[in-house]
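The structure appears right after this line, and notes come after that.
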Amino acid sequence: MVARLSLAVVFVGIGIWEIAQPSYWAMYVPGFVSALIRTNTFVMLHGITLLVIGLAVVLGAYLRIASGLAVLIMLSIVVDLTVTFGFDDIVIRDLGILLIALALFFDDTNYMRLRK
C-alpha cells in the first residue's frame, strides 16, 4: 500500500505540475518530440497521462495496466535523462520510481484493488 501511495503521489503531483506549468518541463522534452509536436502541448498531454495513471494506481483501478504504463514511462525517462544529461542524482531518483512501479506491476496481492 505504501508503494502504491508513493507512486500515486509522484504521478499525480508531477502530472498536475506539468499541466499547470508546461514551460517549466520543456527542457526535458527530447528534440525529436519537439520536431513532431509543440513542446508545451506534449508536456500537458504527458501531464494528463501521469495524472490518469496516478489516479488509477491510488484507486486500484486496472493496477496492472497502470503500473505497467508507469514502468514504460519511467523507463523512457531514465533512458532519455541518462543519454541527454548523463547518470546523475535525477536519474537515480527516477530509477527508484521506476523500481516502485515495477514492484507494483509484479505484485499479485489483491489488497484494495478495484480491478485486476
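The values are calculated or read from the model by the stated rules, or taken from the named source; none is laboratory data. This is a predicted model, so every value here is computed, not measured. Note that each Cβ is placed from the backbone with ideal geometry, even for glycine, and that neighbours are counted across all protein chains shown.
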All-but-one check, V78 against (1) more than 15 Å from A8 (Cα to Cα); (2) surrounded by 15 or more Cβ atoms within 10 Å (Cβ to Cβ); (3) modelled with pLDDT under 95, failing number (3)
For region 1-25, the count of residues that are in contact (Cβ under 8 Å) with a residue 24 or more places away in the chain, surrounded by 15 or more Cβ atoms within 10 Å (Cβ to Cβ) and of a type in the set (A, V, I, L, M, F, W, C) equals 10
In region 16-58, anything of a type in the set (G, A, S) and under 22 Å from G68 (Cβ atoms) is listed as G47, G54, A56
In the set L45, L59, L81, L50, the lone residue that is free of Cβ contacts under 8 Å to residues at least 12 places away in the same chain and aliphatic (A, V, I, L, M) is L45
* Is one or more of the residues making up region 26-47 modelled with pLDDT of 95 or more, loosely packed, with under 13 Cβ neighbours inside 10 Å, small (G, A, S) and in a helix (DSSP H, G or I)? -> no
Filtering region 81-103 for residues that are surrounded by 18 or more Cβ atoms within 10 Å (Cβ to Cβ) and modelled with pLDDT under 95 leaves a count of 1
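Please specify each residue of region 62-78 satisfying the condition of being of a type outside the set (S, T, Y) and in contact (Cβ under 8 Å) with a residue 12 or more places away in the chain.
Passing the criteria: L63, R64, A66, G68, L69, A70, V71, I73, M74, L75, I77, V78.
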The lone condition L55 fails out of (1) buried (at least 16 other Cβ atoms within 10 Å of the Cβ); (2) over 22 Å from F85 (Cα atoms) is (1)
